[in-house]
1. Quick check on ASN39: is it touching a Gly at 6+ places or on another chain (Cβ under 8 Å), modelled with pLDDT of 95 or more and farther than 18 Å from LYS131 by Cα?
2. Taking the stretch 1-49 as the region of interest, how many residues are of a type in the set (S, T, N, Q) and closer than 11 Å to ALA91 by Cα?
3. I'm trying to understand the selection: among the residues of the stretch 6-28, which are β-branched (Val, Ile, Thr) and outside any strand (DSSP E or B)?
Amino acid sequence: MVFSFTYTATTPDQLPADEQELCARALEACEGSYAPYSNYHVGAALRLSDGSVVTGANQENASYPCGTCAERTALHYAQSAHPTLTVDAIAVGVRGEGQESRDESQDVPYPCGMCRQALVEAEQRQGSPIKVIVVTAEQATVFPSAACLLPFAF
Ligand SMILES: [Zn+2]
């Protein structure tokens, strides 16, 4: 058995216009981040099936497990407020400033395992893939489906 998928690795300015706009919304959403513990400010933007965009940012807590990632903040809001719509794409971005001490490869905000699980179940629930776009100031990676990121999901 082989598990494989095709993804795109490029720069943000080479993305199609609609994906660039979604990435811009994700980066703007970083402003809503509350990340005093990690100083890692992440934003997410979801494009829904009616064309609207829902955003979210990571929300940390002194009791660490209480915190929520940007992806799930946005996804769960979208599912709660717009239960009849599907999610076509999600862009995840990280604010660059204040990250000088980090290795750039660690700054790429690939979704964590919990968010991958949440996105895969959203795909299963809606019966269609969610394109995942992970963006920094210098690079953009586009996955055709969240399922690519989580083989053998729960
Ligand atoms: Zn996460």
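1. Here the answer is no, as ASN39 does not meet what is asked.
2. 1
3. THR6, THR11, listed by residue number.
The values are calculated or read from the model by the stated rules, or taken from the named source; none is laboratory data. Being a predicted model, the structure only gives us computed values, none of them experimental. Note that we place each Cβ from the backbone using ideal geometry, even for glycine, and neighbour counts take in every protein chain shown.
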